[in-house]
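Read-outs throughout are calculated quantities, based only on the coordinates presented, and are distinct from any laboratory measurement. What you see is a predicted model, and the numbers here were worked out from it, not measured in a lab. Positions of Cβ are generated from backbone atoms using ideal geometry, with glycine treated the same way; all protein chains shown enter the neighbour counts.
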Amino acid sequence: MRKPIVTPSVNDLPPEVGQAVLEFNQGEFYACHDTLEALWTEAREPERTFFQGVLQLAVACYHLQNQNQRGAVLLLAEGCRRLNQYWPAYSWVDVASLVEQAQALLECLQTNQPPQAWPKLHIVTLAPISPSVGVDDGFDGE
């Protein structure tokens with residue numbers, strides 16, 4: 001039996017998390033890679049492995065943009081493997097949805113489906129996240 005993973009509050013996330021989600025969902029996978037890599041190198045567990053899994057999916061999509069299907073297949077499989085331990089959700093991400101999308105894309109690639117059949121990956125958030133998440137705007141609600 002897996003130990004439950006304690007997840008950070010959306011309010012505790014660094015602003016780069018919102019930036020990475022936006023970049024990923026807009027198909028800016030190289031920029032997302034850079035943003036997530038900075039988060040990953042500074043993170044501690046359990047966030048570290050989580051960021052690494054999402055990072056691997058972003059790099060897989062970047063490989064697809066550059067017609068490197070072999071690299072995409074390897075990183076999709078590895079990213080799903082890492083993210084499965086956070087199933088069904090981790091903090092602000094619907095992990096089940098993301099992994100299911102990635103597995104569907106992986107299956108399309110492994111069965112030589114044409115690119116128009118490939119699903120686009122999209123990070124579904126469980127709470128609103130913007131590039132300014134975690135930033136103190138000075139407003140205290142009074």
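Pairs of Cα atoms under 8 Å, at least six residues apart: use those to get the relative contact order of the stretch 13-117, whole percent.
Details: 111 pairs, mean separation 19.2, N = 105.
Answer for the stretch 13-117 is 18 percent.
Modelled spin-label separation between His122 and Ser97, with each label point placed 7 Å from Cα along the Cα-to-Cβ direction: 0.8 nm.
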